[in-house]
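Asker: Can you read through this structure? Questions will come right after.
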């Protein structure tokens, strides 16, 4: 794994079995091992590519006891698929076990499923650490910005006075 995930509670064997039985699936050894160390864990700030123009990050891995409940919120989810992580902006990362072990991104605005990787392990290895310091803005990337005048009054040292507007 390229990112740090602090160990959390372990998913119980009974909870893992209940998920498998309810969805009629058999989870991979790697995913079960992950649940036994990182059930419900919050990773360090991270990023993954959705496509050539869009990316996201994992905010938290969904505890196995909450997976079926969260699954109810997802439109058009394949029958043997389930969310395993909350992605930024109210989206989900999904494991689809219909034919193989695809990892998908579910966009809540379009209900579109976008393939991210061919396996859970591949997805984890694709997660990269993220820092806002790594973001480079070129001239013209930001057209305009509105700043709450009260915030500006309370934080005068945060802004360069040479900024127009």
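Asker: Going by the structure shown, is residue 96 surrounded by 14 or more Cβ atoms within 10 Å (Cβ to Cβ), without any contact (Cβ under 8 Å) to a residue 24 or more places away in the chain and more than 30 Å from residue 132 (Cα to Cα)? Spell out how you get there, then give the answer.
Answerer: Values: surrounded by 14 or more Cβ atoms within 10 Å (Cβ to Cβ): yes; without any contact (Cβ under 8 Å) to a residue 24 or more places away in the chain: yes; more than 30 Å from residue 132 (Cα to Cα): yes.
Considered against the rule, which asks whether it is surrounded by 14 or more Cβ atoms within 10 Å (Cβ to Cβ), without any contact (Cβ under 8 Å) to a residue 24 or more places away in the chain and more than 30 Å from residue 132 (Cα to Cα), residue 96 comes out as yes.
Asker: Any idea which of (1) over 20 Å from residue 100 (Cα atoms); (2) at pLDDT below 95 is the one residue 15 doesn't satisfy?
Answerer: Going through (1) over 20 Å from residue 100 (Cα atoms); (2) at pLDDT below 95 one by one, residue 15 breaks only (2).
Asker: Next question, about the same structure. Which condition number in (1) surrounded by fewer than 17 Cβ atoms within 10 Å (Cβ to Cβ); (2) part of a helix (DSSP H, G or I); (3) touching a helix residue (DSSP H, G or I) at 6+ places or on another chain (Cβ under 8 Å) is the one that residue 69 fails?
Answerer: So residue 69 meets the others, but not (3).
Asker: Among (1) surrounded by 13 or more Cβ atoms within 10 Å (Cβ to Cβ); (2) more than 10 Å from the chain's Cα centre (by Cα); (3) farther than 16 Å from residue 121 by Cα, there is one condition residue 28 misses while meeting the rest; what is its number?
Answerer: Exception for residue 28: condition (3).
Asker: Then there's this: All but one of (1) at pLDDT 95 or above; (2) out of contact with any helix residue (DSSP H, G or I) (no Cβ under 6 Å at 6 or more places or on another chain) hold for residue 120, so report the exception by its number.
Answerer: With respect to (1) at pLDDT 95 or above; (2) out of contact with any helix residue (DSSP H, G or I) (no Cβ under 6 Å at 6 or more places or on another chain), residue 120 is out only on (2).
Asker: Still on this model: On the basis of being free of Cβ contacts under 8 Å to residues at least 12 places away in the same chain and in contact with a strand residue (DSSP E or B) (Cβ under 6 Å, 6 or more places away or on another chain), does residue 59 make the cut?
Answerer: Numbers: free of Cβ contacts under 8 Å to residues at least 12 places away in the same chain: no; in contact with a strand residue (DSSP E or B) (Cβ under 6 Å, 6 or more places away or on another chain): yes.
Considered against the rule, which asks whether it is free of Cβ contacts under 8 Å to residues at least 12 places away in the same chain and in contact with a strand residue (DSSP E or B) (Cβ under 6 Å, 6 or more places away or on another chain), residue 59 comes out as no.
Asker: Kindly indicate whether any position in segment 97-105 is part of a loop (DSSP other than H, G, I, E, B) and over 30 Å from residue 25 (Cβ atoms).
Answerer: no
The values are calculated or read from the model by the stated rules, or taken from the named source; none is laboratory data. It should be emphasised that the depicted structure is a prediction, and the values quoted were computed from it without experimental measurement. Note that we place each Cβ from the backbone using ideal geometry, even for glycine, and neighbour counts take in every protein chain shown.
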